Structures are given as structure tokens and as C-alpha cells.
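The values are calculated or read from the model by the stated rules, or taken from the named source; none is laboratory data. Keep in mind that what you see is a predicted model, and the values were worked out from it rather than measured. Counting neighbours? That spans all protein chains shown, and the Cβs are built from the backbone with ideal geometry, glycine included. We work out accessible area using only protein heavy atoms, side chains counted, and drop any ligands, DNA or RNA first. Shrake-Rupley method; radii C 1.70, N 1.55, O 1.52, S 1.80 Å.
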Amino acid sequence: MAEHVLLRHRDIPDINQLDVYQKDGGFEMFKKAVTAMKPEEVTDIVKASGLRGRGGAGFPTGVKWTFMDNKNWPHYVVANADESEPGTFKDREIMESNPFQFLEGVAISSYAVGANAAYVYCRGEFWQVAHYLDEKIAEMETAGLLGDKLFGSDYSLRIYTHLGAGAYICGEETALLESLEGKRGQPRLRPPFPPSFGLYGKPTVVNNVETLTNVPKIIENGSDWYKSMGTEDTAGVKIFSLSGCVNKPGNYELPFGTTFRELIYEHGGGIANGNKIKAIMAAGASSAMIVATDEALDTPMDYASVRTLKADLGSASVIVIDDSFSIDWVLNKTIHFFKHESCGKCTPCREGNYWMSHIIERIHHGEGSSFDVELLTKVAYQIQNKCLCALGEFSLQAVVSGIERFPQDFEAKVNL
Amino acid sequence: MNKLEEKYADEIQKILAKYPPEEKRSAVMMLLYMAQREGGYVSNHDINDIAEIVEITPTEVATLIGFYTLYHDKPAGKIRIQVCNDLPCALRGADKFLGELCDALKIQPGETTPDGLVTIEPVMCLAACDKAPMFQVQSSEGLEYHENMTVESTQTLIESWKEKN
Amino acid sequence: MTKEITLTIDGQQITVPDGTLVVDAAKRAGIDIPVFCYHPKMEPVGMCRMCLVDVGRPVFDRATGEAVLEEDGSPKIQFGWKLETACTVPVSEGMVVDGLSDKVQQGREDIVEFLLTSHPLDCPICDKGGECPLQNLTMEYGSSDSRFIFDEKMHAAKNVPLGDLIWLDRERCIQCARCIRFQEEIADDPVLEFFNRGRATDIITNSEPGFASYWSGNTTDICPVGALTTADFRFGARPWELNQAASLCNHCAVGCNLTYNTRRDAKSGGDIIIKRAMPRQNEQVNELWICDKGRFAYHYVNSSDRLTQPLIRKDGQLSPASWEEALTLVAEQLKNAGAGLLTLAGGRLPNEDLFNLKKLSEGLGGTAALHSYMAGGDLVAQMGISDTVNLSTVGAGDAIVVVASDLEEEAPVWWLRAKQAAKRGAKLIVVNPRPTKTERHATEIIRYVYGEEVAAIEKVDLDDAKKVVAFFGSEGLGLEGSAAVAQACAKLAAGKGALVGVWPQANTQGAWDMGLRPGADLSSAKAFYIAGADPVGDNPALAEIVQRADFVVVQELFLTETAALADVVLPAQAQQEREGTFTSGERRVQRFYPVVSSKGECKADFAIAAKIGAKAGVDLKGRFPSLIFPQICAEVAGYAGLSYAKLAEVNEQWPIVSRGDLFYGGTSYENKQGLGVQLAPLGVEHTSTAAATPATVLQAAFVAVPITRLYDQGKLVGASDVLQPRLAQPFVLVNPEDSQKLKSTDGMAVSLSVNGSPAIDVVVREDDSVPQGFALVPRSMGIPIEQPSEFTFGIAESAVA
Ligand SMILES: Cc1cc2nc3c(=O)[nH]c(=O)nc-3n(C[C@H](O)[C@H](O)[C@H](O)COP(=O)(O)O)c2cc1C
Ligand code: SF4
Ligand code: FES
């Protein structure tokens, strides 16, 4: 297999040690950027590489950096390490096993947007990860890789970790910023977007951990190198978190455009227990349910191709569901998740998920009627397009697609 | 100086140092963890102390305890075992694991063992979906992940805590 | 000039300033877009999603930048795939907003249905029933049959006191956060918050006492459902049974406009009584808000302790008498006193009454004086607020100076308005010996030691301010010190601005305008005629002087300490029982109207004065205040041209409130009865008639200085049961180090003696913001403190026990 770009600990033992990481060229790109490049040059390379955000929305990273309001200072960089989408566990592996490449990515992007302070917002459950990163950051400070007047330049940078405390919504970037400010993690109205009004009201870049971990390698090898991987629509490599009913769940770093089939059968070792594949959720609990037909399995995984299946790739957390599970059970799980995680700020998400949870419970326990199935779809559509943030919109994806694409599972469940 | 400040003076300074001096409020998240370290929950007294340290109202501190699931306003077992039974883990038997574990401890999800040591709670996805069944442990020592668990290995773990406590 | 934007809403073309939100633009055009979370006085949050509209924008050709046209030549409009929230979208040129389409109607129905899934259907017993936006919008957008299974409704606690004044019904709350945002954005007391999240979201307060804020009542006005109710009105009446009467608050010099709701009440034996006080919109004065004192203190009007008939001292006892008997006696005695007659009037009396009292006294050869510890009203008249320099217009480039006043305690709404001006960019300079809430928004803070006010004021630099509003108060000051401070502030603001006295009473400025002055020499009076004032209550040391006089007549609502010493006591009407005018500290002359009928045999102060005059040979108008007001206009400088009719004029105010859509601005009343008239400053020389010697601090080891608290123990507030638990008990604030020296501790009961007066039990409160060497003593709490004074305090026996 080709060398990893992100999961490099799988190629280089002990790359989580500073000396090993540096021996492999680590922090040279940060040094080069600070001492030999203008911030705009860094941004231009990232822009040209076609790197898109790995947090789910796929927004072009370099373009986002150019939105920073240069009339308002200071600037901040915030790494989104909230990783709470059910089925996503890639950022954690990066931070635990290849922490310095991630931190170098934070450092380079901070330089690119003129930030002298960066925060890594870890979900509260990443208590150990945050403490581990604190150690690594301290090592960097000792080694002169963070602090004042770095590499003899005028640039100074500090990186801090910040712990959340259990709330999926804090992955949404404006909720994350509220939480970082010590408030309830509820999404802000947008616009304004973080690059004009972010942390403490200052221009802020929020990027996913995986997104940032790409940056040192892009600076090192250039944008053409990066573009040579992946597809026309989506350049580069991606860590696919594979979970559910497969023999070998785990993270797999593959180029965009790899098919579902390759991921599930070649890397994931196929379906466990001799069962048959039934459905795929490509973006965690927020996904539309993909019927696992041959055609679907042969679809390349990039943003545009997955959309042809009326689904989204999101952060590429691929949950595989086999034929031993009924979809009403799956929906009971996802609705329960969103009901639990709805922040409560806007009416449709707060009330709609609460209502849906009652209906799906009835159906799932065999107490529902066909009217309930119809009502569930209606309530889901009633939520649609009315929410303040994407969580509410995510919450109905599995519901409407599950009922529409797996009607037999519901017919079997309802009494009339 | 209030009680918390007296007890954790250095640690509080370290936490505050992470944020701009005029943005003390950011420190409230870590201070809440600190306050509940000992008793496993945040008391009203702690709320007032934290409010004083970061210069916001007690109400603005209290709201966070309700919003975030890792803060608690009531005491429970010394150690909270938080089993992920969200969709990906459930596809790999997490519900069964949770049920069997509860049976073995003779409690229901959400309950505490009679000796007051362990509380079992189901929680949402913990980003360890490939290593189900799994849980995190919340205690005075912070949070710790335990992955690829069985009821037996969990019981061994609980035994080891019993010895320590 | 901001740019003007033209857009179309529901087919109607309108032009509004750039930056206007669609919801407000619609409102201006008379189109109601339903809202729950949006409130025109607060930042939009877009959380309830009720205000959904279809928004289209003109399409521009990317290459040419030209507008793309339809075949018929009209601009091509592109509608979004999603509905948008009208409360968060600013208008843009050529925008087309559709609030009538099926999609929009469906969207709103969907939101109402969502809200009702967890809302109880208890409208018949809900206080908000009849003035409830959710109820109204359910009529408009709700479906008649519920698809939600009733048993699955969330159930939550229904009667939760958030504090002494406000109750919460958790089931009714629709999580719009208006109350939370009001407390944070407007009141700057963030003592309400949500607890939990998702459907479990709940309102909490962790303050001590609960919901600790002087502004709490306003949340019940803007709550769009019946979740928040006031302790004194809940279950009190249904809104449609209520009558309304326009009035003014009489508890401080701001002059907030009120509407009293009244009803015939079984509990009061079928009398019409006041059921609640509500804010009445006056954007120049109180906008849509009132403080809790203004909202909850009216209960004194119906107090059973009110005086209801004349009393004459017979055999040493005050005994009931007829008006005829009492008036005859009073007329004779006052006439006899001649130059020895001293009339003392309080600043809570209306202009008409003060005018008559002064005329009567002078007609009899005596004098009329103002009972007050603050000077400077003549300076305020010369250079007060004007149409050009006022709290609505000062902003960037201007300055507000607050001297010797804890503004929120003394005139709450001015605190609010000063804070807003600071937000608009005005400098806010606070000059005070200790921190106050005003300082949170200050751009500059100047501290001084009590007694060194004038020097501190001289340090204020206003060179680069265009307009200036200078407030001067009475923190730590007696009459002399106050005169010096007023003088110094007048000098400071001269040429640029407006001087405002933070008066202790609603019509103190009116009293100055009517020609009454404080500082009369009491000791030489032969006869006292005291109206609306309680000098002995304020300072027990005065009892002796009052008793020494040959004759004392007191006109009052209650049997005050002074009244108890009088020879004749005459029962006066409460402000709510009659009409009249007040002149606010900003010198806005405003009218109030009768609200309830008179209690017992009470008569209005002006009428009593006229009746005495009739018997004593001084001809005064006594039937209606409206007959006295023209005399005032004819004689009092600056009042020329005013009339009751002019004071009753209104013009359209923004935001538009009340009307059919209570959801927009809350239940604050629309002002249909008059915005009052702003007097123009007289503009003559800036010197005061009061002596302007700087205050000197006594050289005692400790000096007691007076401060003012909103919730004091005044006779009027004291009669309100709901406010009672919030009223401060007599206390003295000292620096912890001083306290230690005095061997007292925080919370200890001590006996305090000021100026050798009889000792009084008070509680020591340690506060490290109090300068050392000083003890801060609140006024109107039974502790005699008129000015900085020597004091002693010892540990009371009760403390030892
Ligand atoms: C409900 C919700 C949850 C999200 N959770 C995460 C998350 O856990 N991690 C993440 O990186 N982005 C998450 N996002 C996306 C972020 O809002 C944001 O788009 C992202 O951090 C931007 O970084 P990127 O451009 O590098 O992807 C979430 C978005 C929503 C609406
Ligand atoms: S959709 Fe609304 S309630 Fe749901 S998480 Fe977003 S803002 Fe909160
Ligand atoms: S979202 Fe516009 S009024 Fe609530």
C-alpha cells in the first residue's frame, strides 16, 4: 500500500515522538513558511491544492482562509476536534498517533492567517487526548517551535487545548465558538461567519483536525502533488471511518474516489457473520440511507458522486448495516441521538425530534399504525428547511430516506 | 479568596492563562471539571465560587451544567461507566453488552451499585465505533476509554477499583 | 444620512433605511409578520422560526452586472429554495418578500403546531389568556385537530416562583429566550438562563435572592405566552375585564409613563381598584420599560392604613373631625401666623398643588419651601435637557457624566438610557467615590473621597465632546454639598449640554420651577403647613422643632411621624385618585389622569389649599387642576404656551406596540394619552441661588454619609406586600477594615447614633468598595441622615444574644 499522508504512524513507528517526527522532516515546513514565505503564499498553495474541509461540509480550505477580515485583529485559528458524529473516529487517531503533524498543520495555518493564538477544541470525552496534546505542545515550546519570535522572525504563536463537556452540537463551528467562550454551545446566527466574527468576535478560521493535518504535506509536496490524488471533484486523500457490520472496522486512508465496495470488502474484510449488506450510511447518523445495491457499491466516494445516490459523504464515516437489522430500529437510534443532542435553540429541531422520538418508539415497539409511519415522514418534512443550523436538517435525513427506501421494514412493523 | 481558589490556586492560574485576560469566562469549562473532581458533581457552593473567579453570574455558570452531559448537579457512584450504545456500537452488540453488564451488577442503566461505587449510564457516540463494545469511565481522575470490552473484563476492572477504594 | 432601500412586501412597495430588518420594514408598512423570539428592542436571534417568509432578490447578470429582466421588462426575481426568517434578514434593494404564499402559510402552521406539541392547553385559566401571542397565532395558523397524542406531552412544573416577584410556568414556556435576552442585553443582570437542552430546556435563576433584578417585571410583558407572571397579578384578573387609565410613575424623577389596569373587585367590597401597573410607551422617557418599584409599589393606594378623614388634636389625641371644622381651624391658625407661616412641601406633589400651596402661603404673608436635601433645580431649569441634547440623541462624539449618583438605584430608567447611549458610542464618565453598576459601561471612572466632589468634577475633561448630559446626584451629600456639586456640574457642561438632577422625587424639578426652594430655616416658624413631606420621619431630631411651633397642619396619605405630631391632619388623595402634571428631571411636563376614585373623604392637595384659601381670604382655583395649569403657564418661566391639550398630544412612535399583534412589542401599552412636552432650557446665567460652598467633611474619626437605595423603607413602597421581602432592612455599609477596628462583623446588629441622635438598631454590612473612614447610611430607612455627619456606633445587646 502507498505511504500514508495522514496516518503516517502506520508507516513510521514512534512518529508521535518529537525527535522522530523532526527526523522525518517534521516542522521544516512550518519553519520554511515562517522564515521564507509570505502568509499569502501559504494560503495560495493550500487554495491551489483543492483541499476541502474534512469536517463534513467540504468547503475549500484555502478559500476560507482568504475570507479573514484584515481590518479586525487579533485573528484566531481553532481546530475542530469535537468529532462527535456517530461513526466518526479519525481525528482521534490522528491526534493520538500522529499529533505533531496535526499541530504543525495548526501552526502553518495560524501563520497563514496571521493568528498568534490557536485553540484545539476537543470534545470533553477526549480528556486523555487533550492532556496528551498538552504534553506535546509543551515539548514544542521547549524545542522553540512555539512561543515568541519563532525561528528568529517576528512571528509568535501559542497553541492551547480547550475541552468541551459532552454536546454534539459543539462540532458546529459557531456553537463551538460559543462553548469556547464559556457559554452554552448553541449555534449563532450566520452570517456573520467566523472569518469575520469568530472567537471573542474576532476573525477566526475553524478547521477540522484532518483538514489541518493535510497542510504540512501540501506545503512540502506542492499543490499539484495533492491534486494528483483523488478525483476531479474532490482532490486528495481521506480517512474513511468504517464501522458497523464489517469484519475489520477502522480508519482507512484512501484517495477520494475509492468505491464503497473497495472500502467495505477489500479493506473492511466484508460483512461479518455471513450476513448480507443492506444499507450504508456514508456520513454517520446524519446520512441519508443508501440502499446497498451493486450500483451503489460501485459508486466512487467523492462529494459529487455520492450525491448521485441522494446522499452525502459528509465526514466519510461509513456505517454499514446488514440484513439482520431492521431500518425502524436504525431510525430509533438516530432519532434518539438527535433528540438527545438538539440544542433546543430553534423550534423545529427541538420539538420535531421530540415528536419523532415518540412516533418511532411506537412503530419500533410494534404499537404503531401505518398512519404513524406517514406521520413520521410528515413531521420530518415539517422540520426540513426551517432550522437554524444543520443539526436539525441532518436529523431528518435518515428518517425520510429510510422510510422511502426500505418500506418493507415498516410495513412489517405496523398493525395496519 | 473563596474555597475553590484556596484549594486549587495554581491550577486555576494555569487555566486562566490559556485565555486573554478579558476573556476569563472561557475558563469556566475547565473550572467546572475541577469543581466536580472530588465529589463527582458541582455543588451550589462551587457554582458561586466559579462565578466569582470568572466574573459572571452564578446563573451563567449553572446553565452549563444542564447543557453539557459531562457535568453533573447530583452525586452518583464514585465511578461512572458510560457505555456507548449509539448506532455504530449497537450494530456491534453494545446494547447486549450494556444489558448483560447491568444484569451482572444487578442494576438498571442509570442506577448505582449499592456500595456506591459504580453508576452505569448509556451515552452517545464516543468516537470509538471500531472498538465496540466500549465505554468511558468518568471519575475523580478524569475520563478514560476502555475499548473492546466484555462483561468479564469489565468486572475485573471493577474489582480492581474496589481494591483501590 | 443612511441609504434608503426600496423593496416590495406582499405586493406593497416600501422604502426604509438601509439595515432595517424585513420584519420591521413590514411592520412599518402595516404588515404583521408573526414573531415569538424577535423583539424590536433586542438583537435578533432567529430561534423560534415563526417569522418565515419567502424572500426573492433581483438577478444580476454576472458578466455585465446589469439586472436581468423578465419578458415584460420587470426585473427577474430569484426566490430562495428555503424560507427565510424575516427577523434576521436585512432589506436589500429590489427585494421581494412574500408572506402570503401557501408555502409561507404552511411553514407558519408547521411552527405553531410544533410549539403546541409541548404547550399545555390551559388558556382558560392562564393569566395571559386574551393577550397571548401564541393564542392569537394559534387562531390564525393552528389546525383544529391535533396530530400529537396528548399523553405524550411534556409535563413540567407549573407554579415555580423565580423570586418574590415573578413566577414561572415551565409547561407554558416556548423557549424564545426573550426574558433571558432582556436580562442580559437590556437590564445587564444576566440572572436568567436556560438549563438543560433540547426539549428539556428550562428557565432557571441562581441569583440570591431569586431573579435579583430591578427589571424583572418587564419580562412578563415581553414573554409571548403565560410562562412568566407577576406575583401580584397572577390569577388576579382576565385582561379583557380590565379598564385602563394613563398615569405616571411617582417614585423617581424619570417620569415613566404608566397605564394602570383597574377592575371592580369583590375583595375590595366592589370598589374599583388597581390590578396592575404596566409600562406605557414613551420613547423619549421610558421606551417600553419600567422598573419593579414602579410596577409593584402602587399597592399603597388601596392600603387600609390610608388616612380617610380629617383629624384634630383634642385633649392631646388626634380625633376624627369634619372637613368644615378642620378647615376653619387651619385657616384661622395660618392666618394668625402671618410671616411666621412656613409651608413645607414635598417633591412628590404635582405642579398644580405646589403652585396653590405657594400662592396660599405668600397670600397669607408666609413662605413656602421645598422639603429636600438636594439643590440645583434652578440650574437645571437654566440648562436642562432640550430637543437637541437629550438621552435619545446623544451618541458617538458626545458624553454623559454621572456624578455622585448610583443611577440604577436612584433613577433606574436613566441608568438604562445612559447605558444605551454608551452603546451608541457616547463616552460615559462616572464620577463616584465607590463602584456602581453604571461603571460597567463607563469609558472613564473618576474616584474621589466623600467631600471632595468638586475637585473631582474639575478633573473631567470634556474638550472633545460635542454634546454633554451631566447627571448630578446626592450620594454622600447634604443640601450644601449638593449645591456645590450642581454648580460644578453646571460649569462643566456649560455651552455643550444639559444638566439633570437625579432628584429623590417625581416632581422635585417641578417644585423648583414653581419657585419652591429647599433649606428653609425651620426654627423660626410659628406655624407649619406640611404637605407631602415627612421631615420628622426623615430626621427624628426635627421633632422638637416641629413641636415647638404654635400650630402644625399636615396633609398626607398616611399618619407619618410628622403627622403624628400635628394639630390637624388632613387626608390627601393619592396621585392615582386625581389628575395633574409632573415635571420630570429632564424637564418634560407630563400629565397623569384619574385612575381610581378617591378613598374616604380624601381631597387633593391643591383643593385643600384652595379651601383653606377661601376661608382665609386668598382666592385660589380649587375645582380642577386644569384650571390651575393655565395660571402656571402664565406665571412660571418656560411654561408659556403649554396646555393640557398639548400635553396630551401623541405622534407615532417606533417600535409600534400594542395594537392587534401583541407578539411584536409585548403588552406594553401604546401611548394614546400624551407624550408630554419637553421644556426648553431657560438659558440664563449658570449660577445657583443656593450657596455654593464646597462640602467639607467633618473631622470625625468616622463620617456617616447618606446613600440612596431603590428599595428603601419609604412609606409608599412599604405598603406593597410583594415588594416587602425585597426591601432592605436598615443597614450601614463599612469597609471591612473599619469594621474590624470597630469590632463588628458582617451581618452583625449594632446600634447606630448619628449626630447624637437616639441610637437605632442596624445591621453592619462589610463592603470593600466603601472608602475607609466612612460609613454609608441609606436614606429613608429610619436612620436620621441628611448630610455627612459624625457618627458613633456600638454593638447592640441583640448582637450579643
Ligand atoms: C451539527 C454539526 C456537527 C458538526 N460536527 C463537526 C465535528 O465534530 N467536527 C468537525 O470538524 N466539524 C463538524 N461540523 C462542521 C463544522 O461546522 C465546520 O464546518 C468545520 O469544522 C469546518 O472545518 P473544515 O472546513 O475543515 O471541515 C459539524 C457541523 C454541524 C452542523
Ligand atoms: S437545528 Fe436548532 S435546535 Fe437543532 S441544534 Fe441547530 S439550532 Fe439547535
Ligand atoms: S425566528 Fe424570527 S421571530 Fe423568532
- Query: Using the alpha-carbon centroid of each, what span in Å lies between the range B:132-147 and the range C:382-423?
  - Reply: 56 Å
- Item | Pairwise label distance in nanometres, C:LYS741 with C:GLU241, each label 7 Å out on the Cα-Cβ vector | 6.1 nm
- Distant-in-sequence amide H partners of A:PHE240 (H built 1.01 Å from N, under 5 Å): A:TYR252, A:GLU253, A:LEU254
- Message: Sort C:624-635, C:66-77, A:340-351, C:422-433 by the packing proxy (mean of other Cβ within 10 Å over each peptide's residues), most packed first.
- Response: A:340-351, C:422-433, C:624-635, C:66-77
- Straight-line reach from A:LYS64: which lysines have Cα under 16 Å away, leaving out those fewer than 8 places along the same chain? A:LYS47, A:LYS202
- Task: Please give the helix C:323-337 orientation as an angle from the longest Cα principal axis of chain C, in degrees from 0 to 90, rounded to the nearest 10.
- Result: 60 degrees
- Relative contact order as a percentage, chain C, C-alpha pairs under 8 Å and 6+ apart, gives 13 percent
- Roughly how tilted is helix C:412-423, in degrees to the nearest 10 and between 0 and 90, from the longest Cα axis of chain C? 50 degrees
- Query: How many angstrom separate the Cα center of the range C:532-599 from the Cα center of the range A:4-33?
  - Reply: 85 Å
- Inter-chain shielding of C:180-193 (mean C-beta neighbours from other protein chains, 10 Å cut-off): 2
- Item | Residue mean of other protein chain beta carbons inside 10 Å, C:366-374 | 0
- Item | Total accessible area lost when B and A pair, probe 1.4 Å, Å² to nearest 100 | 3900 Å²
- Report, ordered by chain and residue number, the aspartates and glutamates lying within cross-link reach of C:LYS275, taken as a straight Cα distance under 13 Å and ignoring same-chain residues fewer than 8 apart. C:ASP127, C:ASP232, C:GLU241, C:ASP265
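Over chain C, with the other protein chains present, what is the accessible area per residue in square angstrom, probe 1.4 angstrom?
With all protein chains present, chain C gives 37 Å² per residue.
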- Which distance in nm do the two modelled labels at C:GLN106 and B:GLU22 give, with both placed 7 Å along the Cα-to-Cβ direction? 4.9 nm
- Note on the structure: A:GLY368 neighbourhood, Cβ < 11 Å, K/R = +1, D/E = -1, net charge -3
- All other residues with a Cβ under 13 Å from the Cβ of C:GLY11 taken together, and with Lys, Arg as +1 and Asp, Glu as -1, what is their net charge? -3
- Query: Straight-line reach from C:LYS741: which lysines have a Cα under 27 Å away, not including same-chain ones fewer than 8 places off?
  - Reply: B:LYS3
- Query: Over 20 Å between Cα atoms, which of A:LYS345/B:LYS74; A:LYS217/A:LYS238; C:LYS41/C:LYS419 qualify?
  - Reply: A:LYS345/B:LYS74
- Over 23 Å (Cα to Cα) among A:LYS310/C:LYS153; C:LYS335/C:LYS603; A:LYS32/B:LYS18 -> A:LYS310/C:LYS153; A:LYS32/B:LYS18
- Between A:SER305, A:SER97, A:SER228, which gets the highest mean-square fluctuation from a Gaussian network model of chain A, Cα cutoff 10 Å? A:SER228
- Message: Per residue of the range A:211-222, what does 6.51 cos²θ - 1.76 cosθ + 1.60 with θ = phi - 60° give for ³J(HN,Hα)? Whole Hz please, x for Gly and Pro, Karplus curve as stated.
- Response: 3, 5, 5, 5, 4, x, 6, 5, 5, 5, 9, x
- Computed [θ] at 222 nm, deg cm²/dmol, the protein assembly as shown (DSSP H ≥ 4; -39,500 (n - 2.57); rounded to nearest 500): -9000 deg cm²/dmol
- Task: Obtain the nm distance between the two label points defined at C:SER524 and A:SER369 by a simple spin-label model: each point lies 7 Å from its Cα along the Cα-to-C-beta direction.
- Result: 9.6 nm
- Message: Probe of 1.4 angstrom, ligands and nucleic acids ignored: what's the accessible area per residue over chain A, in square angstrom?
- Response: 33 Å²
- Output row B,C: buried area (accessible, probe 1.4 Å, summed both chains) in Å², nearest hundred, equals 1000 Å²
- Query: How big is the A-C contact in terms of buried accessible area, both chains counted, 1.4 Å probe, rounded to the nearest 100 Å²?
  - Reply: 2800 Å²
- Message: Which residues, if any, in the range B:79-118 lose at least 10 square angstrom of accessible heavy-atom surface (probe 1.4 Å) when the other protein chains sit next to their chain rather than the chain being alone?
- Response: B:ASN85, B:ASP86, B:LEU87, B:PRO88, B:ALA90, B:LEU91, B:ARG92, B:ASP95
- Item | For C:ARG280, residues with placed amide H under 5 Å, excluding near neighbours | C:ASN257, C:LEU258, C:THR259, C:TYR669
- Within the range C:405-438, what residues put their amide N at less than 15 Å from the label point 7 Å along the Cα-to-Cβ vector of C:ILE446? C:405, C:427-434
- To the nearest whole number, what is the average tally of beta carbon atoms from other chains within 10 Å of the beta carbons of peptide A:116-128? 4
- Note on the structure: Diffing the range B:65-78: the Karplus 3J(HN,Hα) column from phi (6.51, -1.76, 1.60, θ = phi - 60°), in whole Hz with x for Gly and Pro, holds 5, x, 7, 9, 6, 8, 9, 10, 9, 9, x, 9, x, 4
- Of the listed peptides C:732-738, A:243-249, what is their order by residue-averaged count of other C-beta atoms within 10 Å, with the highest listed first? A:243-249, C:732-738
- Under a 5 Å amide H to amide H cut-off, with H placed in plane at 1.01 Å, what residues pair with A:MET289 once short-range neighbours are removed? A:SER401, A:GLY402
- Message: Within the range C:341-358, list the residues whose amide N lies under 16 Å from a label point set 7 Å along Cα→Cβ of C:GLN631.
- Response: C:350-358
- For the range C:628-643, 3J(HN,Hα) per residue [Karplus equation, 6.51 cos²θ - 1.76 cosθ + 1.60, θ = phi - 60°, Hz, x = Gly/Pro]: 7, 4, x, 5, 4, 4, 6, 10, 8, 4, x, 8, 4, x, 7, 7
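If you add up the charges near A:ASN273, with Lys and Arg at +1 and Asp and Glu at -1, over every other residue whose beta carbon is less than 15 angstrom from its beta carbon, what do you get? Working shown, then result.
Working: positive: A:LYS248, A:LYS276, A:LYS278, B:ARG92, B:LYS96; negative: A:ASP322, A:ASP323.
It works out to a net charge of +3.
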- Task: Taking the Cα centre of chain C as origin, sum charge times position over the Cβ atoms of Lys and Arg (+1) and Asp and Glu (-1), and report the length of that vector in debye to the nearest 20.
- Result: 1000 debye
- In degrees rounded to 10, the 0-90 angle between helix A:327-341 Cα long axis and the longest Cα principal axis of chain A is 50 degrees
- Item | FRET efficiency for C:LYS423 and C:GLN653, using Cβ-Cβ distance with R0 set to 25 Å, rounded to 0.05 | 0.80
- Cβ-Cβ FRET estimate between C:ALA728 and C:GLU152, R0 fixed at 56 Å, reported to 0.05: 0.75
